[in-house]
Amino acid sequence: MSQSIAENANTAMAAVRQLLGELPHRAYIATFGCQQNEADSEKLRGMAYEMGYEDAASPQDADLVLINTCAIREHAEQKVLSYLGTLKALKAEKPGLVIGVCGCMTAQEHRVNTLRERYPYVSFTLDPASLAAFPAALLDALEGGKRKFLQSGETPPVTEGLPTRRVERHRAWISIMYGCNNFCSYCIVPYVRGRERSRLSADIIREAEEVIAAGCREITLLGQNVNSYHGDCDFATLLDRIAALPGDFSVRFMTSHPKDVPDSLIAVMAKHRDKIAPHFHLPLQSGSDAILARMNRRYTRASYLETVRKLRESIPGIALSTDIIIGFPGETDEDFAATMEVLRTVRFDMIYSFLYSPRKGTPAANMEGQISPAVRSARMAELLDAQNEIALSLALPYVGKTLRVLADGKGKMPGTVTGRTPENRLVSFEAPESVIGEFVRVKIERAEPFVLRGVLAD
Ligand code: SAH
Ligand code: SF4
Ligand code: F3S
């Protein structure tokens, strides 16, 4: 099944290549949202490249613009729509420009209707599981066919064999599964990405071997809940096999749902301390059991804290990060105080906090007790204040230490480079650009809550 999908994509790619001929063509892909979308965009880029498109530096410079969208919060969707608005004049100037919209936003009927009615210059939409239909949709648009709005349904098959063109050589996203079955009551993802589907371990391992051979230093395994990976083995076994591959690389993964972090996974992390980054992203969302129950998270504050205890016991020095939602419907002062208490108990290295945003079609959007913007902002400010203090006190002990860092990009200040420690801590240091993409040793001289600053040690 998946073979024929890739074959159909290949046929359409060949037809586009022929249609475009030798003339230069450029594609610009704008990516919104999470790493899953970054990974999908690398597939779109791979297919575009196969069809003869080079990268464009900006939409103005492009013959094809693809917008890979996110729907996780209202703000994410508004950003996409206003970006799309800016392309209207460009399309008027350049009628041959093809504009396609893909990603999570386009899996929702009401958003597709908006695009259909209010954005006539969008030639096609593709939901996240319809990526392989991109070449056919593009071919149609180039041939002047009708606009297409593609939806894949809830359980599309996993497609192997599509080309990928990665943005970086030294870091690679590898999706191990797609979709989500958890239906947290606030979340749109299960509706826009469909049911869980896992890739076979052999396909994942082959991809990992390929990127390692090409010089990749850090692999991040992706899934909405990697713990429910169920290809031909479980996640702990898959991780064990990837960590056992030869080469100078490290492996990360995200995200793990706190309701199911098995001891076997913790044991694999402890066994491969050299290869598996000592970092765990464990989204808390709320520290209140009453709110967790209404979020349909299926763990409690106590079971969450027990998982944290086990992780720290088996992997000393492990860094923990989390996601927190502020202002879930019905969140009382006591509920919020419970979140603050867990924050102070765990002392996370990093938090990502979000104001609750009602999503059409999710149960929480219809719940009583939506929280006023003033209360939500006051709680957010309190949370961030406390976290700044915690983050700084966790960062200070690094001053004077020499750390292994994967240099991954240019810093803001000239002559500086940024990178990440195995714990995923951001480091900015003075170094030549030539170190980007390699592991280096950095002597830390100063600590701020979210960044360590230093110099190359050797
Ligand atoms: N699958 C991952 C994360 C998906 S979305 C997981 O389970 O953790 C990333 C984060 O966005 C979530 O962890 C949550 O904190 C936040 N989020 C999701 N839906 C939201 C909403 N409706 N409003 C505000 N934040 C939301
Ligand atoms: Fe959304 Fe919950 Fe699935 Fe994460 S686990 S993607 S928060 S439904
Ligand atoms: Fe956004 Fe879709 Fe990711 S909604 S957060 S791009 S799974």
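A short reminder: the numbers here are calculations on the coordinates, not readings from a lab. Not measured: the values here are computed from a predicted model. Heads up, the Cβs are rebuilt from the backbone with ideal geometry, glycines too, and the neighbour counts pull from every protein chain shown.
Annotations for the structure displayed:
- Where no second cysteine Cβ lies under 4.7 Å, the cysteines concerned in the chain: C34, C70, C102, C104, C180, C216, C233
- Peptides 242-252, 361-371, ordered by how many other C-beta atoms sit within 10 Å of their residues on average, highest first, read 242-252, 361-371.
- Phi angles across the range 150-161 convert, under the Karplus curve 6.51 cos²θ - 1.76 cosθ + 1.60 with θ = phi - 60°, into 3J(HN,Hα) values of 9, 10, 9, x, 7, 10, x, x, 6, 9, 9, x Hz, Gly and Pro given as x.
- Placing +1 on each Lys and Arg Cβ and -1 on each Asp and Glu Cβ, with no other charges, gives the range 399-456 a dipole about its Cα centre of roughly 140 debye.
- With 0.36 nm allotted per residue and the present C-alpha distance subtracted, the A270-L23 stretch has 83.5 nm of extension available.
- 5 angstrom amide H check on V98, placed H, neighbours 5+ away: L64, V65
- Selection from L222, I390, G400 lying farthest towards where the dipole of the chain points positive, charges on Cβ: I390
- Legend: distances between Cα atoms for K91/K146; K410/K443; K275/K410; K79/K360; pairs beyond 21 Å are K275/K410.
- Nearest-ten-degree value, helix 373-395 long axis tilted from longest Cα axis of the chain: 60 degrees
- Antiparallel bridge percentage (DSSP; both residues within the chain; nearest 5): 30 percent
- Per-residue HN-Hα couplings for the range 254-265 [Karplus 6.51, -1.76, 1.60; θ = phi - 60°; Hz; x = Gly/Pro]: 6, 10, 10, 6, x, 6, 9, 10, x, 4, 4, 5
- All other residues whose Cβ lies under 13 angstrom from that of S41 are scored, Lys and Arg at +1 and Asp and Glu at -1, for a net of -1.
- Amide hydrogen neighbours beyond the local backbone of A457, cut-off 5 Å, H modeled: R441, V442, K443
- Relative packing of peptides 155-164, 53-62 - highest average C-beta neighbours within 10 Å first: 155-164, 53-62
- The charge dipole of the range 279-397, taken about its Cα centre with unit charges on the Cβ of Lys, Arg, Asp and Glu (plus for the first two, minus for the last two), comes to roughly 420 debye.
- Taking every DSSP beta bridge that has both ends in the range 399-456, the antiparallel portion is near 85%.
- In the chain, taking the dipole from charged Cβ atoms about the Cα centre, the farthest positive-side position among T307, L126, L87 is held by L87.
- Dipole magnitude for the chain: about 300 debye, using +1 per Lys or Arg Cβ and -1 per Asp or Glu Cβ, origin at the Cα centre.
- For A319, the residues whose amide H sits under 5 Å from its own are H279, F280, ignoring neighbours fewer than 5 places away on the same chain, with H placed 1.01 Å from N.
- Percent RCO, i.e. relative contact order, over the range 2-150, from Cα pairs under 8 Å lying at least 6 residues apart: 24 percent
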